[in-house]
Structures are given as structure tokens and as C-alpha cells.
Amino acid sequence: MLRVVNISKNFGNQTNALNSVSLDVKPGEFFSLLGPSGCGKTTLLRIIAGFETASTGELYWNDLRVDHIRPQSRPFNMVFQRYALFPHLTVFENVAFGLRVRRVDSRSMKDRVENALNLVGLWSHRDRLPETLSGGQAQRIALARAIVNEPKILLLDEPLSALDQKMREHMQTELRELQQRLGITFIFVTHDQEEALALSDRIGVMNNGFLEQVATPEELYERPNTHFVAQFVGSMGSIRGSAIDHQLLQLPNGQTIRGTLGHVQPGAHAEAFIRPEKVRLSKVVSGSTRLSADGLRLDKGEGINDLRAKVLNMSFKGLHYELHLEIEPNQRLRALVPPEKMKTGVNIGDSVRAQFSPTDTFIFNCPSELKSSVMSGIA
């Protein structure tokens, strides 16, 4: 197990790159560090690798403290964002480089390089130079060069970011399958939330040097613990207002939203987050009569959030229609409706009801930079 204990890093400016970060990474786990650029995730990875020194804190591999051990003596290997292949060496020599430095005998070196290249499906490319490789092939060579040293933990700093979308999706599958075959711990840095959700056993979400939440992909998606995690992980719509109590938010136009998740103080400026696939759309036909998009009468159940809205825009996305709903000026939600549910013909400009359960509603205090805009309706 890798234990990160109260790691902080200050580069000399007034803001810490890392602020007392603590976490445990389990043996054989695919663990991702997720966050926007500049949040501290790569700094933490480099401290684990030994390329940066923490200002405070400790790092343990099982019961051994390793933060004072040289990088080459730690049981970790790192795959960099730009691969860093030697252009004048063949694929074989690139993969064998670390073994030569360690003076591994030639027979063992050949066997280990062959095994590593077979794992990534590129033994047949062993005599080629890096300039003849595609981006995906270069990425796999970089992986082979790391795993040939038989590390206990493989550290990956956004290794897929230079690939096009199709190749990136393909390499995500290969990377996950490789990790499962090897059975070793992967610590993966990314700013791509979909990538983290698809690959990881658990995810640590970072923001401004703080570790906001550590959880499984499902837990992060269904139960975000902070305002930042709610707005960063997965697609969300949000509405701002003033908290009446711990679970009730009042909009400037008087409508209210109840939530059962999140943390908010009465009287605070707050924001409610709702995932668009959780919004059930119903068209106002006449008076109080409402029909759902598939033509079924939709009654307001006890406690169900039920907001008046207007359809501002809609677009076909293949698996669903995406509708943009105006709840009040500059306050919008989105709803995702399957094509077969659009039989009643909801159109732009229609009056509708947006309904969603309190159990699917996350309400948090607004960060200080957003508070001034809440009651003025600025989104």
C-alpha cells in the first residue's frame, strides 16, 4: 500500500501547490488523480516518483518511508506525458535502457524486453526507430519501458493527452486491460473526467492543491461531497438561490428546490446541482394539465421538485435530445430526453415543467467568488 501523509508543497509563492494531502492507494488498484490544470495533481505524482521534494509530510510504501529515498531506488516507474523516447535508439534499446543502466545480464534483459513488448503487442516493432511509430505505438513503447523494470507502482502523467480522440479511447481500453493483466498499482493523472470515470477503481478529485474527495467513480457521480466535485465530475445543471434551511433552496422568483444531499447553512447563498438525465420533462398543455414527453399524465408526487420553465433550445445528440430550459432569467437547466419520448412534440418556446427527485439534487454553499452573483441572477 502507498500512503501519502499530510503532503504539502510550496514553490516559494504565496499559494501552496499542495495543502496537507493524505490518501492511501491500495495494492493492485487503478487510482486516478483528477482535476483541472494547476490543481496540484502532477506535483503530487512527481513527489511520489521522487522528482519533487515535499515541503512537509511523509510518503510510505507499506511500512517503509520512501520520501527520502532517491527516485531510482523507489519501487515505482513513471510514464511521462510526452513519452521521452530516445530518437536514436531502436524500440528494443529504448525499452532495454533502464535494464542496461542496472547492469542486468543480456539473457535476462532480452527475455524481459521481449515479454514487455509482447504485453503491449509490439515485439514485431523491436528494430524500428521512434520516428516511424504512430502516437499510439509510441505510447505503448513508453509503457513497455516502464513495466520492464517490474515496478510495484506505475505512475502515469496524462499519457493519453497527445492522442486524437479515437486513439485515446482505444488506448484507454488497452491501458485498463494491461493493468489488470499485470496486477500492479497504477496511479494515473488526468484532467479528463470521462477518462477517469472509465478507467479507475477509485478517483481522488483535486482542486487548488486540496484533495476534495476520494471515492469510486459511481460514488463520485451519485454522491459528490463538495461544490467543486458536483460541478466538475460529470454533466450537471445548476440553479442558484438562498437556503431556507439545510435542504431547501429558494430561487429569486420564489420557486423552491429541495435536496437530500450536500451541505448548506440556512440563509447562505447556495447552488443546487441536478444531472440532466435525472430531469423528467412535461409539457404544459392547458391550465394545470400536464403530459410527459411520452404522452403520459405526470402528477407531482410528494416532495418532488417541480419547476416552471421555458424551452430555449434543443438539439439531437443521437441517443437523446438535449433541451435547454430557462427557469428564470439567466437561470437554466438541461434535460436529456430519449427520441422515443418526444412523441408529443415539445418545441422551442413551449412552457414545460422540469421535475426531479430531491434524492438526485445536490445543494451546496456557493464559493465566495459566486456569492455576489446569486441573487442578481447572473449565471
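Given the peptides 69-75, 233-239, arrange them by the average over their residues of other C-beta atoms within 10 Å, most packed first. Mind dumping the intermediate values first?
Values: 69-75: 13.6, 233-239: 19.9.
Answer by packing, highest mean first, reads 233-239, 69-75.
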Quiz item: Taking the Cα atoms only, what angle lies between the long axis of helix 135-147 and the longest principal axis of the chain, rounded to 10 degrees?
Solution: 60
Practice problem: Hey, could you grab the Kirkwood Rh for segment 2-222? Inverse mean 1/r over distinct alpha carbon pairs, Å, one decimal. | Solution: 17.9
Quiz prompt | Choice from 257, 153, 348 with maximal GNM fluctuation in the chain (Cα, 10 Å cutoff) | solution = 348
Quiz item: Using +1 on the beta carbon of Lys and Arg, -1 on that of Asp and Glu, and nothing else charged, what's the dipole of the chain about the Cα centre, debye to 20?
Solution: 280
Practice problem: Taking a cut-off of 18 Å between Cα atoms, list the aspartates and glutamates near residue 166, but don't count ones fewer than 8 places away on the same chain. | Solution: 158, 174, 177, 192, 194, 195
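Just flag the chymotrypsin sites (Phe, Trp or Tyr not before Pro) in segment 1-51 sitting in loop per DSSP whose Cβ has no more than 11 other Cβ atoms within 10 Å. Walk me through the intermediate numbers first.
Details: sites: 11, 30, 31, 51; in loops: 11, 51.
Of the chymotrypsin sites (Phe, Trp or Tyr not before Pro), the ones in loops of segment 1-51 whose Cβ has at most 11 other Cβ atoms within 10 Å are 11.
Nearest 5 is fine: what % of DSSP beta bridges in the chain come out antiparallel, could you say? Each step should come with its number before you reach the end.
On the way: 61 of 82 bridges.
Of those bridges, close to 75 percent are antiparallel.
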Quiz item: Which angle between 0 and 90 degrees, to the nearest 10, do you get for helix 91-101 versus the longest principal axis of the chain when only C-alpha atoms count?
Solution: 70
Quiz item: Binning every alpha carbon pair distance of the chain at 20 Å from zero, what are the percents per bin?
Solution: 25, 44, 26, 5, 0
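Remind me, what semi-axes does segment 200-269 give for its equivalent ellipsoid, largest first in whole Å, using sqrt of 5 times each Cα gyration tensor eigenvalue? Please report the intermediate quantities before stating the final value.
Numbers: eigenvalues 136, 29, 22 Å².
Semi-axis lengths for segment 200-269 are 26, 12, 11 Å.
Using per-residue counts of other Cβ atoms within 10 Å, averaged over each peptide, order 18-24, 142-148 from highest down.
Values: 18-24: 18.0, 142-148: 24.7.
Order by mean packing, descending: 142-148, 18-24.
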Practice problem: Would you grab the residues whose amide H sits under 5 Å from the one on residue 78? Only those 5+ places off in sequence or on another chain, please, with H modelled 1.01 Å from N. | Solution: 155
Self-check item: Scattering curve values for segment 145-253, log₁₀ I(q)/I(0), Debye with Cα scatterers, q = 0.14, 0.16, 0.21 Å⁻¹
Solution: -0.68, -0.83, -1.23
Quiz item: When N is the residue count of segment 1-127, what does its C-alpha Rg come to as a fraction of 2.2 N^0.38 Å?
Solution: 1.26
Practice problem: Taking the chain as the reference, fit the longest principal axis to its C-alpha atoms, fit the long axis of helix 165-182 to the helix C-alpha atoms, and give the angle between the two in degrees, 0 to 90, nearest 10. | Solution: 60
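Each value in this text was obtained by applying a stated rule to the coordinates, not by laboratory testing. Just so we're clear, the structure is a prediction, and the values are computed from it rather than from any experiment. Cβ coordinates were reconstructed from backbone atoms using ideal geometry, including for glycine residues, and neighbour counts include every protein chain displayed.
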